[in-house]
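The structure under discussion appears below in the form of structure tokens.
FYI, it's all coordinate maths here, none of it is from the lab. For clarity, every value in this text was computed on a predicted model and none was experimentally measured. For neighbour counting, all protein chains shown are included, and Cβ atoms are generated from backbone atoms with ideal geometry for every residue, glycine included.
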Amino acid sequence: MKLTVLGCMGGYPVKGTGTSAYLYESRGQKILIDCGSNALSELSKYIRPADLDAALLSHLHSDHFSDMLNLRYLLKVEGRTLDVYLPKEQTPEYELLAACPNLALHAYSDGDTVLGGVTVRAAPAIHSREGVSISVDDGAVRLVYSGDTALNDNLSKLCEGADLLLCNCGIPAKYLTGHYLMSVEEGAALARLAGASLIVTHINARRSPKSAVAALIKKYPSDKIILAKKGLTVEI
């Protein structure tokens, strides 16, 4: 399993970065997980975007899907239709994607979705709009992507037995407001309980989690924590 970070900022990008987007590669499958700003440009550094097998969207806030609106034009030129899995909702954002003839939209099922040799499962998230957390399993390594969510039982269960947790927890607890996201401390505790390595992503542009990550590593030296950055590649 190979995971490449295409963008890792939360909400909006800063100079030289992009928002949530990740390339997952395993068992011959090339899967885009979220597709925020600058995703298409970064994706082109690693594969031909027309060679994607599917896209998995956690929810329809713009920092997680905005570059789908650019990808649709590339797909049209290439004569390709891309399977896109996402929460179904009656919103302008969903209808905008649904109107794109080169995007084949699929609502997440209650069970497993098999994409080639990879199994995808979604669990409801707790966020300010409908969303999911996502498990991607190639039979040897299981990745869980939290998406934007508060800590909840669905996510905890999804993480059981996971090898890698890609967690949108890129803000220290002391700066976290509201009940729709996770702090870096919560993400680390969740990964520790699951016995998974942790990639801290969805980085807050004003409240960097860098010092909080360093403090966690010092306190829990056996924890495997990586702070996401553009271009980061993890292979397991």
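Observations on the model:
- Hz values of 3J(HN,Hα) by residue in region 58-67 - Karplus curve (6.51, -1.76, 1.60), Gly and Pro given as x: 7, 5, 10, 7, 4, 6, 10, 9, 4, 7
- Listed by chain and number, the lysines whose alpha-carbon sits under 24 Å from that of LYS218, ignoring those within fewer than 8 places in the same chain, are LYS174, LYS210, LYS229.
- Distance between the modelled labels on LYS45 and SER156, one decimal in nanometres: 3.8 nm (7 Å Cα→Cβ projection).
- Remark: relative contact order (region 2-235) = 17 percent; criterion is Cα-Cα distance under 8 angstrom and separation of 6 or more residues.
- Counting 0.36 nm for each residue step from ILE217 to VAL77 and taking away their Cα separation leaves a gain of 45.7 nm.
- Going from the fewest other Cβ atoms within 10 Å to the most, the residues HIS202, HIS106 appear in the order HIS106, HIS202.
- Computed over the chain with a Gaussian network model linking Cα atoms closer than 10 Å, the most mobile of LEU115, LEU86, LEU164 is LEU115.
- Of all beta bridges that DSSP places with both ends in region 2-235, some 55 percent have antiparallel geometry.
- Cα pair count fraction exceeding 33 Å, expressed as % - region 2-235: 10
- Inter-part distance, region 109-177 to region 1-79, computed on C-alpha centroids, equals 17 Å.
- In order through region 113-125: 3J(HN,Hα) via Karplus (6.51 cos²θ - 1.76 cosθ + 1.60), integer Hz, x for Gly, Pro: 10, 9, 10, x, x, 10, 10, 10, 9, 10, 10, x, 9
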